[in-house]
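J.: I'd like to ask some things about the structure below.
Coordinate-derived values only; no laboratory data. Quick caveat: nothing in here was measured; it's all calculated off a predicted structure. Note: ideal-geometry Cβ built from the backbone for every residue, glycine included; neighbour counts use all protein chains shown.
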Amino acid sequence: MRSGTVHALVGENGAGKSTLMKILYGMQKPDEGTIAVNGEQVSFGDPGDAIARGIGMVHQHFMLADNLTVLENVVLGSEKLHGIGGRARARIKEISDSYGLGVRPDVLIEDLGVADRQRVEILKVLYRGARILILDEPTAVLVPQEVDALFDNLRELKAEGLTVIFISHKLGEVLSVADEITVIRRGTTVGNADPKSTTTKQLAELMVGSELPSPETRESTVTTQAMLTVQALRMAEVDLDGVERVVLDDIDFTIHKGEVLGIAGVEGNGQAELVEAIMGMRVPDGGTVVLDGQDISQDPTRKRREDGIGYIPEDRHRHGLLLEAPLWENRILGHVTERPNSKGFLIDTAAARRDTERIVREYDVRTPGIEVTAASLSGGNQQKLIVGREMSHLPKLLIAAHPTRGVDVGAQAQIWDQIREARREGLAVLLISADLDELIGLSDTLRVMYRGRLVADADPATITPEELGSAMTGAASGHLEHDRDPAAAAATVGSEDTDGSATSGGEDR
Amino acid sequence: MKKFDKDRLILGIAAPVLAVVGALIVTALVIVATGKEPFTAFHVMINYGDKTDSQVYILNKATTYYLAGLAVAVGFRMNLFNIGVDGQYRLAAFFAAAAGGAVSLPGIIQIPLVIVTAMVVGAVWAAIAGVLKVTRGVSEVISTIMLNSIAGIVIGYFLQGGRLGVLDKSANMVSTKPLPSSGHLFNFNTTGGPVDGFIVLAVIAGLVYWYGLSRTRFGFDLRAVGRSQSAAEASGVSVKRMVITSMLISGAMAGLVGMPTLLNESYDYGTDFPVGIGFTGIAVALLGRNNPIGVAVGAVLWAFLERASNGLEFEGYDKEIVGVIQGVIVLAVVIAYEVVRRYGITRQQRQVGAELAAAGTKEKQEVAA
Amino acid sequence: MAFDVGGRGDHSFNDSAARGMDKADKEFNIGHKEQTASNGETESDREQRLDLLAGAGYNPVIAVGFTYGDAVKKIAAKYPKTTFGIVDSVVDSSNVDSMVFSTEQSSYLAGVAAALKSKTGKVGFIGGVHNTLIGTFQAGFDQGVKDTKPSDTVTDQYLYETDTKGFNDPTSAQGKAQGMLDNGVDVIYTAAGLSGDGSIQAVAGKSGAWAIGVDSDQYQDAALAKYKNSILTSAVKNVDVAVYDLIKSVHDGKAKTGTNAYDLKTGGVSLATSGGFLTDIQSQIDAAKAKIVSGQIKVKSTP
């Protein structure tokens, strides 16, 4: 890649993107092959070597200490560069100004939003003298407006002669920001593309050799039979400073058989708590949860799962898998009391193994066998295993939190197909996603969550991602009407109050 | 698939072997530093540990260590560090001895009574730490250490003449009232001396441990909590209840630790009842990777080393050398497991990658054809 | 020789036994073997140890400490031709020499010295474990104090009720001694094996206070040299004498067996005079000793 460009790296999950990046950043060693920086052949023993060569990495999951200031986070570990006081502050200001990052050095990280944190991460690597930046899926956590702002920053960096390696699944974004694109598949480069003359469709075909899947739901299967009814759900949480914060505020909604209810929102606005309250993993302060006519508010998690809730967790490593256990044990996880996993009080290992083989086959989990640990699979294949497991128990309600996050295009289409198919057979789905195309394409009904409330609703047939994005930042509420002019849509404050949630966008935290 | 299993077995054995070899090298250096010759020392240890009466001694010691190792391993399997096995077994053995000495029933009732009393006392004592953990968030490491000390004081209070203790004839030792002969468990008589009959129960305990953990729903839940508490919680396991249950089981298992000594050797709990076996159990469980067969190997190795220390002292070596070996083994085990674990993960990832790549090439060739 | 926990180097009765063996070894040039007990042993460990020594042909086999009682009885029966010795316990077998010490007599003299040297009229006793053996020390000491100065008060404390850790826990003894000193006690007699070091250390920290050692002449102990000017005297239990006697008897072909009491009369127990701190009261101590030897004073062995 040439200096002063944004170079996008795209490929399916498991294609080797992460491995490649790890090698470039010195976290892993290549078996063979060479890397040259500015014409000079290099080899990295650890990230320190890479940093010394001017390579910096902005990880998908931010590596920041919440209770420290921006300044402290930036100088942490590189105190030798410009000290920890005035000189460091001046240097941060200088970098921030020259690239238009708008970072204030003395603010606590915990007071910053996701986009601001990301800019701190970028500043951190620039501070360490990086001339080549690797950004791993930087847009996954951002709303469209923030994505645009990030791209402006990247263009700024490029103008200053820096090189950016940009990893993303979102092909539209790749085309809009990249100067050059490299596509890799199964560990090898399969092609280069010029963003000026390439469409997303062509790019996708290059990646998977098949058409770009569409999340669009064609026919409606929504029935009038309520499957999940959540009423007046409230939850408050006391944070470390002893301040009580309402995380779920009077949540009401109903999902019918055959309906997909999508919840849009910037992460951290109560979606995770909502899911955990419905799963029984957290005890709400008030409200009821009724599944298929049966009040399950007091039931433990296991009972709820037995009663037919399938769960695709947001963080599969934390909540969906036993990373160090073999695949067949992961197939049992969450369904240990159900057939074919157990008979009475005993685990039926033979049946569980057989069924794991079936899931691996039917859901195209790419693995050499079912005895390997879950950790050795790529993210997309882990997700396919989870989806296969949850679908195998014919759930009544599927809670899908970011079901295709970090999953390649091929697997994404497959997961969408699975959800659609089950929905035709009467499955109710609660879909939470940061991918607005996915939300709009898959949902029958859309709600927007902001600071613990469901503040707005929208019709997925007419709404655009930009309009939804405004509501997610709290700029709009009520019923979102589609308007040709996005600015007007953002300003629309609906008077309809269908679910009883108050319309407010400006309350303090 | 078979190949995978074999590799895993080799990886599983690699760590303890690496640890023992590492410990031997360090020990050899220590012996050299004391100005003696290491190979003779190892020769003495092996020769001495190999005699018939040594074998009996090792089996009897190992029986006790094995039970202690299992008790600790139950906790380890779900990331609970039950340091309290020591206090649990002593308190359990003490009250079991007191109960057994107080009544005289036919052996078929007497012996189970003693064993059950021990298991209940051990379980209750361990459960205190479990309850504190789930209700008050007290780390079980801290609470079990404290409970060890409290157990010692409780025993000290009751083990006095006039309370639950009986003074011996010269009155320098206090013990509980001896078990009636119906409370004596059978022994296997060999030329090297009697082998404790309790070894049979230890084997059964090992089988129950294996079966319970690997074949039952409960065992699956327990292991799930150990591997990832958050994933287990999401899967529907009540982690709090699991903490208490596993402490109960660990404590009940700890209750058995004192039984070979009580039912096969001393027949009473006195001031000379062995202490500190709970800590040996931690080392044995670490050495055996919480695997029932591994723990057995660890227990036998530990007993062998203790036996060998007598031989060393007899030949004029410092018996502390065995302490050095044991300490270094534990240290080496921790390091070796981590090294082997990392190697295993990298290796497996590489294998998965390689197989997928191979599958990919095949696919391509098919397309080409 | 099978030592008790602590073994050679405990500054106390294990060391004393070792001295006796070393002396005999040197004199008769016979060679010896030592084995030491460790914490957390079972009965079978002790049996194995004696068995090992006897089986290797060592004669006599001497077990130091009452915990060996049962083991000696069992192994002595297995090797009838070997002579066994046991310190501080009585084993009723034909080939066993049971060496018991009238420590209440030496403790009585320690009590006399304490009463005469105390300025506050308050003296203290610290026992390692509250058992019969240590009770004899307390009984003698209490009686010696009361017979000398009836108005003096004696504080008697034990480190542990039953746990033999009491002989191996100097920190705990140090705490107990400090507590006594804070209450005005200025002479402390500690009968607690190695734990006594802690008590002596505490006493040395207070000027004018005296410590009384036990078992060996602790004034002579190199490890305690720093504190020796606070060690008034020691109630010496001459285990070395008994051990030497036994080895000599076996060497001479007239093995000593049965219960052999070592008391003031035979020199088996005594009160040390090293340091010369007793010079001014030596006559009173000698008088008390004479009365015990003549039987005029009967020292109780239980408190």
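J.: Taking the Cα centre as origin and putting +1 on Lys and Arg beta-carbons and -1 on Asp and Glu beta-carbons, what dipole magnitude results for the range A:116-164, to the nearest 20 debye?
T.: In debye, rounded to 20, the range A:116-164 gives about 280.
J.: In degrees, nearest 10, range 0 to 90: what is the angle between the Cα axis of helix A:379-391 and the longest Cα principal axis of chain A?
T.: So the helix axis and the longest Cα principal axis differ by about 0 degrees.
J.: Given R₀ = 56 Å, FRET efficiency for B:Ile345-C:Asn229 by Cβ-Cβ distance, to 0.05?
T.: Calculated value: 0.30.
J.: Using the Cα centre as the reference, give the magnitude of the dipole from point charges on the C-beta atoms of the protein assembly as shown (Lys, Arg: +1; Asp, Glu: -1; all else neutral), rounded to the nearest 20 debye.
T.: 3620
J.: Could you list the trypsin sites (Lys or Arg not before Pro) in the range A:1-45 that lie in coil according to DSSP, counting only those with at most 15 other Cβ atoms within 10 Å of their Cβ?
T.: Counting only loop positions with at most 15 other Cβ atoms within 10 Å, the trypsin sites (Lys or Arg not before Pro) in the range A:1-45 are A:Arg2.
J.: Right, next: Taking H as built 1.01 Å from N, whose amide H comes closer than 5 Å to the amide H of C:Gly85, not counting residues under 5 places away?
T.: Excluding prolines and chain starts, which carry no amide H, the hits are C:Val61, C:Ile62, C:Ala63, C:Asp97.
J.: Using the Cα centre of the range A:6-208 as origin and beta-carbon charges of +1 (Lys, Arg) and -1 (Asp, Glu), tell me which of A:Thr199, A:Pro47, A:Leu150 is placed farthest towards the positive end of the dipole.
T.: The residue sitting farthest along the positive end of the dipole is A:Pro47.
J.: Let me ask you something else. Give a residue-ordered list of calculated ³J(HN,Hα) values for the range A:55-64 (Karplus: 6.51 cos²θ - 1.76 cosθ + 1.60, θ = phi - 60°; whole Hz; x for Gly, Pro).
T.: Ordered by residue, 3J(HN,Hα) equals 9, x, 10, 9, 6, 4, 9, 5, 10, 10 Hz.
J.: Just need the relative contact order of chain A here, percent rounded to a whole number, with Cα pairs under 8 Å and 6+ apart.
T.: Relative CO of chain A lands at 15 percent.
J.: Taking all pairs of different Cα atoms in the range B:1-159, averaging 1/r and flipping that mean, what Kirkwood radius in angstroms comes out?
T.: Radius from the Kirkwood sum: 19.6 Å.
J.: Once you place label points 7 Å from the Cα toward the Cβ at B:Leu11 and C:Asn39, how far apart are they in nm?
T.: Simple spin-label model gives 3.9 nm for this pair.
J.: A further question follows. Between A:Gln28 and C:Glu27, what FRET efficiency follows from the Cβ-Cβ distance if R0 is 51 Å, with the result rounded to 0.05?
T.: Result of the calculation: an efficiency of 0.10.
J.: Decide, for chain B, between rounded, prolate and oblate: order the square roots of the alpha carbon gyration tensor eigenvalues as a ≥ b ≥ c, take rounded if a/c falls under 1.5, and otherwise choose prolate if a/b is larger than b/c, else oblate.
T.: In terms of gyration-tensor shape, oblate.
J.: With θ set to phi - 60°, apply the Karplus curve 6.51 cos²θ - 1.76 cosθ + 1.60 along the range B:306-318 and write out the HN-Hα couplings as whole Hz, x wherever there is a Gly or Pro.
T.: Running phi through 6.51 cos²θ - 1.76 cosθ + 1.60 with θ = phi - 60° gives 5, 4, 5, 5, 4, x, 4, 4, 4, 8, x, 7, 6 Hz.
J.: To the nearest whole number, what is the average tally of beta carbon atoms from other chains within 10 Å of the beta carbons of peptide A:322-330?
T.: 4
J.: Counting only trypsin sites (Lys or Arg not before Pro) that are in a DSSP loop and have at most 14 other C-beta atoms within 10 Å, tell me the longest site-free stretch of chain B.
T.: Answer - B:170-369.
J.: How many percent of Cα pairs in the range A:311-394 exceed 23 Å?
T.: The proportion of pairs with Cα distances above 23 Å equals 11 percent.
J.: Here's another thing I want to ask about it. Looking at B:Gly100, B:Gly258, B:Met146, which one has the Cα that reaches farthest to the positive end of the dipole of the range B:66-288 (charges on Cβ: Lys, Arg +1; Asp, Glu -1)?
T.: Comparing the listed Cα positions along the dipole, B:Met146 ranks first.
J.: Share of antiparallel DSSP beta bridges in the protein assembly as shown, in percent to the nearest 5?
T.: 40
J.: Of all the Cα-Cα pairs you can form in the protein assembly as shown, what percent are over 50 Å apart?
T.: 45
J.: In chain B, once you exclude exposed chymotrypsin sites (Phe, Trp or Tyr not before Pro) (DSSP loop, at most 16 other Cβ within 10 angstrom), what's the longest stretch remaining?
T.: Longest gap between qualifying sites, sites excluded: B:187-369.
J.: For the range A:410-460, which GluC sites (Glu not before Pro) pass both filters: DSSP loop (anything but H, G, I, E, B) and at most 13 other C-beta atoms within 10 Å?
T.: Of the GluC sites (Glu not before Pro), the ones in loops of the range A:410-460 whose Cβ has at most 13 other Cβ atoms within 10 Å are A:Glu425.
J.: Hey, what do the phi angles of the range A:189-194 turn into as Karplus ³J(HN,Hα) couplings, whole Hz, using 6.51/-1.76/1.60 and θ = phi - 60°, x for Gly and Pro?
T.: Listing the rounded values in order: 6, 9, x, 10, 9, 9 Hz.
J.: Percent antiparallel among DSSP beta bridges with both residues in the range A:6-208, to the nearest 5?
T.: About 35 percent, rounded to the nearest 5.
J.: With axes computed from alpha carbons, what is the tilt in degrees of helix C:103-117 against the longest principal axis of chain C, rounded to the nearest 10 within 0 to 90?
T.: 20
J.: Please name which of B:Gly288, B:Ala127, B:Gln160 has its Cα lying farthest along the dipole of the range B:66-288 towards the positive end, using unit charges on Cβ (Lys, Arg +1; Asp, Glu -1) and the Cα centre as origin.
T.: Going by the charge dipole, the pick is B:Ala127.
J.: Among the chymotrypsin sites (Phe, Trp or Tyr not before Pro) in the range A:344-433, which ones are in a DSSP loop with at most 16 other Cβ atoms within 10 Å of the Cβ? Mind listing them?
T.: Of the chymotrypsin sites (Phe, Trp or Tyr not before Pro), the ones in loops of the range A:344-433 whose Cβ has at most 16 other Cβ atoms within 10 Å are A:Phe345.
J.: Also, I was wondering about something else. How many Cβ atoms of partner chains, on average, are near each residue of B:232-244 if near means within 10 Å of its Cβ?
T.: So the per-residue partner count for this stretch is 6.
J.: 222 nm [θ] for the protein assembly as shown, helices only, -39500 (n - 2.57) per DSSP H run of 4+, per residue, to 500?
T.: Result for the protein assembly as shown, helices only: -15500 deg cm²/dmol.
J.: Roughly what would the spin-label model give for A:Ser98 and C:Lys254, points 7 Å off Cα along C-beta, in nm?
T.: That separation, rounded to one decimal, is 10.5 nm.
J.: Using a simple charge model, +1 on the beta-carbon of Lys and Arg, -1 on the beta-carbon of Asp and Glu, nothing else, what dipole does chain C show about its Cα centre, in debye to the nearest 20?
T.: 580
J.: What FRET efficiency comes out for C:Ser151 versus A:Val238 if R0 is 60 angstrom and r is the Cβ-Cβ distance? Round to the nearest 0.05.
T.: Here the calculated transfer efficiency is 0.35.
J.: In whole Å, how far is the Cα centre of the range B:180-257 from that of the range B:15-54?
T.: So the separation of the two Cα centres works out to 32 Å.
J.: Related question: A:Lys196 versus A:Ile84, label points 7 Å from Cα toward the beta carbon: distance in nm?
T.: About 5.0 nm, to one decimal.
J.: Just the number, please: percent antiparallel of the DSSP beta bridges in the range A:226-491, rounded to the nearest 5.
T.: Of the beta bridges lying entirely in the range A:226-491, close to 55 percent run antiparallel.
J.: For helix B:217-227, report the angle its Cα long axis makes with the longest principal axis of the Cα atoms of chain B; keep it between 0 and 90° and round to the nearest 10°.
T.: The answer is roughly 70 degrees.
J.: Given a cut-off of 25 Å, name the pairs among A:Lys396/B:Lys240; A:Lys80/A:Lys124; C:Lys119/C:Lys146 whose C-alpha atoms lie farther apart than that in the structure shown.
T.: Table pairs above 25 Å Cα-Cα are A:Lys396/B:Lys240.
J.: Given H placed on each backbone N at 1.01 Å, which residues far from C:Val269 in sequence or on other chains put an amide H within less than 5 Å of it?
T.: C:Asn238, C:Asp263, C:Leu264
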